[in-house]
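Read through the structure below, which is laid out as structure tokens, and then see the notes.
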Amino acid sequence: MAIYIGHFVLEIPSSHKDMMMRIPCKTMAMAAMALLVGFPLAAASASLAEYEAAKSLAQEHLKAFDDLDYNVFTNQKWVELHRSHSEDVLVHWPDGHTTKGIKKHIEDLKAMFVWAPDTRIKEHTVKVADKEWTAVIGVMEGTFTQPMPIGDGKFIAPTGKAYKINMATIGHWTDGKMNEEYLFWDNQEFMKEIGLGK
């Protein structure tokens, strides 16, 4: 004898058929429902555990990213950059070029402070994370107060103009550190604000 309930089938040996026929339908239905409910509850429990683990990981990454921008970058604590970046981090810059390795990345970040020593990021307007990925929109600002090196010993004289632009960073994390980073901002608007573009 077989009882079909949804996608589940309850098989009842023929030797127990007569006994089953004497059990009230309501009791059978309740027993069957209790059995069926156990399956989704177990699955839900496992899914909840996975969700909580993923949520915790995402929060850890966003917390590390806050510290990266608000503390390490803004205060030029380059010796602490390894807390958020892997040694072989691959960085994609807004102009399309890429760099490999944390040492090169530090050199590039330092260069931003040469002509705008007060460069800083103190605000993250949007923060999104899912497992090993983070996406953060921040506000970068500073003032063009020092000569800007452009190579071959040449410089652009400071304009004294301040800039305040939106930027976005997409990061891929492995073992608590970013091994790949995508940086986005509007370079035309950037140049315009510091007095070098139209």
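Values quoted throughout were computed directly from the atomic coordinates according to the rules given, and no laboratory measurement underlies them. Note that the structure is a prediction, hence the values are computed from the model and not measured. In this analysis, Cβ positions are derived from the backbone assuming ideal geometry, glycine residues included, and neighbour counts consider all displayed protein chains.
Structure data summary
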{"item": "Neighbour-count order for LYS154, LYS127, LYS104, fewest beta carbons within 10 angstrom listed first", "result": "LYS154, LYS104, LYS127"}
{"item": "Environment charge of ALA135, counting only residues whose C-beta is closer than 14 Å and scoring Lys/Arg +1, Asp/Glu -1", "result": "-4"}
{"item": "ASP175, ASP88, ASP66, ASP186 arranged by Cβ crowding within 10 Å, fewest neighbours leading", "result": "ASP175, ASP88, ASP186, ASP66"}
{"item": "Links that overshoot a 28 Å alpha carbon limit, given the list LYS110/LYS192; LYS63/LYS154; LYS55/LYS164; LYS127/LYS164", "result": "LYS63/LYS154; LYS55/LYS164"}
{"item": "Local electrostatic count at GLU80 - Lys and Arg +1, Asp and Glu -1, tallied over other residues with Cβ under 13 Å", "result": "+1"}
{"item": "Order of LYS110, LYS177 - criterion: other Cβ atoms within 10 Å of each residue's Cβ, fewest first", "result": "LYS110, LYS177"}
{"item": "Among GLY153, VAL136, VAL72 the positive-end extreme of the charge dipole of the stretch 57-193 (Cβ point charges)", "result": "GLY153"}
{"item": "Whole-Å semi-axes of the ellipsoid equivalent to the stretch 99-149 (Cα gyration tensor, √5λ, descending)", "result": "25, 17, 6"}
{"item": "Quarter of Cα convex hull surface for the stretch 63-176, i.e. mean projection, nm²", "result": "7.4"}
{"item": "Rh (Kirkwood; distinct C-alpha pairs) - the stretch 118-198, Å", "result": "14.4"}
